[in-house]
Amino acid sequence: MPPVFRGKSRRNIAAVESDEELTLEEEQSAQKEERDADLEQYAKEVLAALIRDNLPPTPNNFSLYFDRLLDKKSESFKKQVLSIFELEESNDAENTIVLEQNLKQGFASIKNILSLTASLYKNLTIVSKILDKRKRELLEVSDSLGVKSVAEALEGDIGKLNTILKKQSVQMKELYEETGSVIKKVEEESIFDNQFGVYNKRYLFAKIEKESELIKEFKHDSSLIMLELSKELRSSIHNSKIIMLMTRTIARLLLKTSRRSDIIAHYGKGIFVMLLKHTDIESAKKASERLCDLVANSNFFLADKEIPLKVAIGITKIDPANSVEETIVAAMDAIDAAYESGACYAVKIKEAKKSE
């Protein structure tokens, strides 16, 4: 007689496990909804306090009251809020501290170089005086014994100074290497592009990565706009300096029209990227239309000739399932699509990989 197995079958066990996973997922979802509701209610309390105290609800005032009223809340609520802060927290302040430390180290090295240079100059002046002194002594002696004595004295003087100068030259080399290392560190930690007065590529990638994490947690929409001076316009101008001036004009227009929360960066080779936080694709399209109109209505004069500016824009979506590089490539593909269609902008969204 075949053995009889009592209890749950494999199918029933799998169903139970699935139900447990679903229950856990539902529980996490419910906790998140409760946390968001509590936070929304707290935000209303903060706003009410500002109005009660006759203060304008500016970002700075709201932040001040947000922190002040939080002290009166329960420890569990504080932990919830602080967990959100940790997710949103940027390491910009920490980067600034590191950058300032490197700069101070660099200034100290430069100060030492200047001090050592002054010492070297002083020693070279001494060499010149010694040579003049021994020259006069040689003119005053007439016998070979006297010449030999002056030569020996000169050799001794030069030998002493040579030892000092060799030591100082080694110190100078070490200081130059130290300063060069500091400059390299500063360049690596820099977040700005000095050429156009916007953020650089490294900072842009870090911000896209951070925004992806926030989207994954809070499920909002954010978009990316990439733009460049039209290829057609660039090919018609055979002067690299003029193209550079046009590109700088585009950078200024971006800075002028952007929101405080937008991140504008130079990706490289005259290509700019705007990270539009809490902005869906439709809103990104409208922003692109405004940019196209603004650029087209801007005046750029070359001698007596007015040259109409034109840009090509690519729009894509920030998706946590895609890497930063994949998001950038999608924006580049959108620019190519804009050229192909003849439109000012186009949209390309990379389909997220399905988890197996």
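Just one of the numbered conditions (1) open to solvent by less than 70 Å² (accessible area, probe 1.4 Å); (2) closer than 14 Å to L120 by Cα; (3) among the charged types (D, E, K, R) is not true of K166: (1). When residues in segment 213-234 are screened for being without any contact (Cβ under 8 Å) to a residue 24 or more places away in the chain and in a helix (DSSP H, G or I), 2 of them pass. Within segment 235-251, being without any contact (Cβ under 8 Å) to a residue 60 or more places away in the chain and of a type in the set (S, T, N, Q) holds for S235, S236, N239, S240, T247. Within segment 197-231, the set of residues being closer than 15 Å to A321 by Cβ, in contact with an Asp or Glu (Cβ under 7 Å, 6 or more places away or on another chain) and open to solvent by 10 Å² or more (accessible area, probe 1.4 Å) comprises L214, D221. Here N194 fulfils each of the conditions (1) among the polar types (S, T, N, Q); (2) without any contact (Cβ under 8 Å) to a residue 12 or more places away in the chain; (3) in contact with a helix residue (DSSP H, G or I) (Cβ under 9 Å, 6 or more places away or on another chain) apart from (3). Only one entry of V16, V4 meets the criterion of being open to solvent by less than 60 Å² (accessible area, probe 1.4 Å), farther than 26 Å from E217 by Cα, modelled with pLDDT under 85 and among the β-branched types (V, I, T), and that entry is V16.
Where residues in segment 43-67 are farther than 24 Å from R260 by Cα and not acidic (D, E), which of them is surrounded by the fewest Cβ atoms within 10 Å (Cβ to Cβ)? In this case the residue turns out to be N54. Filtered by the rule that a residue be within 22 Å of M244 (Cα to Cα) and crowded, with 16+ Cβ neighbours inside 10 Å, segment 268-287 gives G270, I271, F272, V273, M274. Here V186 meets the list (1) of a type in the set (V, I, T); (2) touching a strand residue (DSSP E or B) at 6+ places or on another chain (Cβ under 6 Å); (3) part of a helix (DSSP H, G or I) almost entirely, failing just condition (2). In segment 139-159, the qualifying residues are those that are exposed (fewer than 13 other Cβ atoms within 10 Å of the Cβ) and not small (G, A, S), and the one that is nearest to the chain's Cα centre (by Cα) is E155. Going by the structure shown, is Y345 touching a residue at least 24 places away in the same chain (Cβ under 8 Å), in contact with a Ser or Thr (Cβ under 7 Å, 6 or more places away or on another chain), under 13 Å from L224 (Cβ atoms) and aromatic (F, W, Y)? Taking the combined requirement at face value, the residue satisfies it.
Here is a yes/no grid of residues against (1) of a type in the set (D, E); (2) part of a loop (DSSP other than H, G, I, E, B); (3) in contact with a His (Cβ under 9 Å, 6 or more places away or on another chain); (4) at pLDDT 80 or above:
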site	(1), (2), (3), (4)
N61	no, no, no, yes
K72	no, yes, no, yes
K78	no, no, no, yes
F85	no, no, no, no
Q101	no, no, no, no
K111	no, no, no, yes
L116	no, no, no, yes
K122	no, no, no, yes
I126	no, no, no, yes
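With respect to Q105, is the statement that it is touching a residue at least 24 places away in the same chain (Cβ under 8 Å), of a type outside the set (A, V, I, L, M) and in a helix (DSSP H, G or I) true?
yes
Close contacts from segment 168-186, counting a first residue that is over 17 Å from S115 (Cα atoms) and a second that is open to solvent by less than 80 Å² (accessible area, probe 1.4 Å) and polar (S, T, N, Q), with Cβ to Cβ under 6 Å and a gap of 6+ residues or different chains, come to V182/N102; V182/Q105; K185/N102; V186/N102.
The values are calculated or read from the model by the stated rules, or taken from the named source; none is laboratory data. Remember, it's a predicted structure, so these values are computed and weren't measured experimentally. For neighbour counting, all protein chains shown are included, and Cβ atoms are generated from backbone atoms with ideal geometry for every residue, glycine included. Surface accessibility is based on the protein's heavy atoms, side chains included, excluding ligands, DNA and RNA. Shrake-Rupley method; radii C 1.70, N 1.55, O 1.52, S 1.80 Å.
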